[in-house]
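Q: This is the structure, below, for whatever I ask next.
The values are calculated or read from the model by the stated rules, or taken from the named source; none is laboratory data. The shown structure was predicted, so the numbers you read here are calculated from the model rather than taken from an experiment. As a convention, Cβ positions derive from the backbone with ideal geometry for all residues, glycine included, and neighbour counts pool all protein chains shown. Note: accessible area is taken over every heavy atom of the protein model, side chains too, but ligands, DNA and RNA are not part of it. Shrake-Rupley method; radii C 1.70, N 1.55, O 1.52, S 1.80 Å.
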Amino acid sequence: MANGILTAHSCNPVTAAAVAEIDAATAPAKAAFTLLFHGPNHANADLEQGLASMEGSNVYGCSTSGEITPGGYFENSLVALSFARKHFSCVARSITDLDSFGLQQARELVLSMQWELRERAAQSNSSNTFAILLIDSLVQVEEFVAAALGGELGNTHLIGASSGDNWRLQRTPVLFRGRLQDAAAVVLLVHTALEFRHYNFHNFVPSKQRGVITSATPSQRVVHEINGRPACSEYARLCNIDIAEFDREKLSLFPAIITVGDRAYPRGFLEILADGSLRCACAIDEGVVFRVADQVDYAEQLQTALGRIRRDLGNDAVLLGFECAARKQLVQLYELEAPVTALFGEYNVWGFSCMGEQSSVLNVNNSFNCIAFRAHR
């Protein structure tokens, strides 16, 4: 608790019992706010009733495609981080009109949150305040929401993640004040006296294999043609994979890389459709030029990145991580669970596997997105 953050994890399959374990370990009713990430099997009335019974009106979160703890990856469990009032102040909003959310709505929302936060913490400013966005991934509007909010927040860091349901793509609710909400988003504006930093990194570099999206339906994030050929077969060719062996797991290993300035951003694919089109996890459009990704050593890159965070913030830092679910697939495919679990334990990583990551004004994927806190002295 030296850093003002209590953490807890429950693998109990009975939702009410799992919530009770989280309550006993973190006492959410006494916190400034609590983040709760839960497997889709817990997205039910028992979760809401359990949170209500423990006065969980300051509990926010979402369903996941897997949970992350210092013990490694889990599925269908509960992970909680409770932020002490002594070190944190928080205001929250729910966005329930995601399809019509734009610049004007973002401006009004951010201004009202900043005003309310200053009422609680007069010293709050962009250097000691950050924003968290948790958003229903099935609505597929992360680009617009992140761009609008990030633009209004300016120099205040925005870190976000899209909810999941273990790749079922059926229901991915968010949790606002202890209540599940579909087709919605949660925004938190948080002030803290603790030192913190926002990081986003991935393990891909652009290869020489180049493609152009020549036919797409942007509103559905679907690519029909690449280089004037059917998307699936052409992408398999660019990845040098036999089309008969090309599946979602292979797709997770070879995201498209789009370069903006001097930074390379992966654009992953969610699924191969029956007609050979590819559904993307991020916004896509005709005319976009990309390169197929090459991987760098996953475990080595993760250790380097986490080591940098430790050098920045000290040995006792706590990491709140929103990691693309495709990265977990890669870890499982290459049987890297042991070294990755060891790194999560060594560097005190908590969070969940998500279906998209928001970093400032951008929605990205195939990345590790986190905010890290230095322990209070």
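Q: So, taking all protein chains as they sit and a 1.4 Å probe, how much accessible area belongs to Glu55, in Å² rounded to tens?
A: Per-residue accessible area (Glu55): approximately 130 Å².
Q: Given the DSSP H assignment, sum -39500 (n - 2.57) over each helix run of at least 4 residues in the chain and divide by its residue total; what's the result at 222 nm in deg cm²/dmol, nearest 500? Show your work: numbers first, answer last.
A: On the way: 9 runs with 100 residues, N = 377.
About -8000 deg cm²/dmol.
Q: Which of rounded, prolate, oblate describes region 70-193, given a ≥ b ≥ c as roots of the alpha-carbon gyration tensor eigenvalues and a/c under 1.5 marking rounded, otherwise prolate only if a/b is larger than b/c? Present the calculation step by step, with values, prior to reporting the outcome.
A: Numbers: a/c = 2.05, a/b = 1.24, b/c = 1.65.
Oblate is the answer for region 70-193, as a/c is 1.5 or above yet b/c matches or exceeds a/b.
Q: Now, a different point. How do Ser127, Ser100 stack up against each other in accessible area, from largest to smallest, with a 1.4 angstrom probe? Can you show the working numbers first?
A: On the way: Ser127 90, Ser100 70 Å².
Largest to smallest exposure gives the sequence Ser127, Ser100.
Q: Moving on. Which values of log₁₀ I(q)/I(0), to two decimal places, follow from the Debye formula for the chain at q = 0.11 Å⁻¹ with a uniform point scatterer at every Cα?
A: For the chain at q = 0.11 Å⁻¹, log10 I(q)/I(0) is -0.73.
Q: With the chain treated as a Gaussian network of Cα nodes joined by springs under 10 Å, which of Arg291, Arg263, Arg85 yields the largest mean-square fluctuation?
A: Comparing Arg291, Arg263, Arg85 in the GNM, the peak value goes to Arg263.
Q: Next up: Does region 299-359 come out rounded, prolate or oblate, given a ≥ b ≥ c as the square roots of the eigenvalues of its C-alpha gyration tensor, rounded meaning a/c under 1.5 and, failing that, prolate meaning a/b above b/c? It would help to have the intermediate numbers written out before the result.
A: Values: a/c = 2.01, a/b = 1.31, b/c = 1.53.
Oblate shape, in that a/c is at least 1.5 and b/c is the bigger or equal ratio.
Q: Ordering Lys208, Lys250 by accessible area with a probe of 1.4 Å, largest first, what comes out? Mind showing how you got there, number by number?
A: Numbers: Lys208 190, Lys250 60 Å².
Per-residue accessible area, sorted high to low, gives Lys208, Lys250.
Q: Can you tell me the equivalent ellipsoid semi-axes for region 132-204? Use √(5λ) from the Cα gyration tensor, largest first, whole Å.
A: Details: eigenvalues 103, 50, 35 Å².
Calculated on Cα positions only, the semi-axes equal 23, 16, 13 Å.
Q: Another question about this same structure. What does region 82-140 give for Rg and for Dmax, in Å, if only its C-alpha atoms count?
A: 13.3, 37
Q: Can you give the extra length, in nm with one decimal, that the chain gains between Arg311 and Ser126 once fully stretched, where that is 0.36 nm per residue apart less the Cα-Cα distance? Write out the running numbers ahead of the final one.
A: Values: separation 185, 0.36 × 185 = 66.60 nm, distance 2.29 nm.
The Arg311-Ser126 span can extend by a further 64.3 nm.
Q: Would you kindly find the accessible area of His224, with a 1.4 Å probe and non-protein molecules such as ligands, DNA and RNA excluded, rounding to the nearest 10 Å²?
A: Near enough 60 Å² of accessible area.
Q: Quick check: pseudo-label points 7 Å beyond the Cα along Cα→Cβ at Glu335 and Glu249, how many nm apart are they?
A: 1.2 nm
Q: Carbon-plus-sulfur fraction of the accessible area of region 211-345, 1.4 Å probe, in percent?
A: Numbers: 2720 of 5900 Å².
Looking at region 211-345 in its full context, I get 46 percent from C and S.
Q: Output the Kirkwood hydrodynamic radius of region 183-227, Cα pairs only, in Å rounded to one decimal. Don't skip to the end; give the middle numbers.
A: Numbers: mean 1/r = 0.0632 Å⁻¹.
Evaluated on region 183-227, it is 15.8 Å.
Q: When a/c reaches 1.5 or more, the comparison of a/b and b/c decides; with that in mind, is region 1-106 rounded, prolate or oblate per its Cα gyration tensor? Walk me through the numbers on the way to the answer.
A: Details: a/c = 1.62, a/b = 1.22, b/c = 1.32.
Because a/c hits 1.5 or more and a/b fails to exceed b/c, region 1-106 counts as oblate.
Q: Next question. Whole Å is fine, so just give me how far the alpha carbon centre of region 322-377 lies from that of region 220-235.
A: Result: 29 Å between the Cα centres.
Q: Suppose accessible area is computed on protein heavy atoms with a 1.4 Å probe; arrange Trp167, Trp115 from highest to lowest.
A: Working: Trp167 40, Trp115 155 Å².
The residues order as Trp115, Trp167, largest area first.
Q: Hey, another quick one. Taking only Cα atoms and a 10 Å spring cutoff, compute GNM fluctuations for the chain and point out the largest among Ser57, Ser89, Ser112.
A: Answer for the Gaussian network model of the chain: Ser112.
Q: Sticking with this one: How far is helix 15-26 tilted, in degrees, relative to the longest principal axis of the Cα atoms in the chain, given as a value from 0 to 90 rounded to the nearest 10?
A: Here the helix axis deviates by roughly 60 degrees.
Q: In degrees from 0 to 90, rounded to the nearest 10, what is the angle of the helix 103-120 Cα long axis to the longest principal axis of the chain?
A: 30 degrees
Q: On a C-alpha basis, how far is the centre of region 1-69 from the centre of region 89-126 in Å? Whole number, if you could?
A: 24 Å
Q: Cα-based count: Lys pairs in the chain below 26 Å, eight or more positions apart or different chains?
A: Working: Lys30/Lys86; Lys208/Lys250; Lys208/Lys328; Lys250/Lys328.
Lysine pairs, 8 or more places apart or on different chains, close enough: 4.
Q: Follow-up. For the chain, modelled as a Gaussian network with Cα springs under 10 Å, which listed residue fluctuates most, Glu225, Glu271, Glu300?
A: The residue with the greatest mean-square fluctuation here is Glu300.
Q: Moving on. Might you tell me the accessible area per residue for the chain, computed with a 1.4 Å probe and given in Å²?
A: Numbers: 14830 Å² over 377 residues.
Accessible area per residue: 39 Å².
Q: Another question, if that's okay. Rounded to two decimals, what is the ratio between the C-alpha radius of gyration of region 208-328 and 2.2 N^0.38 Å?
A: Taking the Cα Rg and dividing by 2.2 N^0.38 Å, one obtains 1.21.
Q: If N is the number of residues in region 149-290, what value comes out of its Cα radius of gyration divided by 2.2 N^0.38 Å? Walk me through the numbers on the way to the answer.
A: Values: Rg = 17.9 Å, N = 142, 2.2 N^0.38 = 14.5 Å.
My calculation over the Cα atoms of region 149-290 gives 1.24.
Q: I'd like the orientation of helix 337-346 relative to the chain: the angle between its Cα long axis and the longest Cα principal axis, in ° from 0 to 90, rounded to 10.
A: With both axes taken from Cα atoms, the answer is about 30 degrees.
Q: Further question on the same structure: Projected area of region 222-272, taken from the Cα convex hull and averaged over every viewing direction, in nm²? Can you show the working numbers first?
A: Values: hull surface 15.4 nm².
The orientation-averaged projected area of the Cα hull of region 222-272 comes to 3.9 nm².
Q: Still on this model: At 1.4 Å probe size, with no ligands or nucleic acids counted, give the accessible surface of Arg171 in Å², nearest ten.
A: 100 Å²
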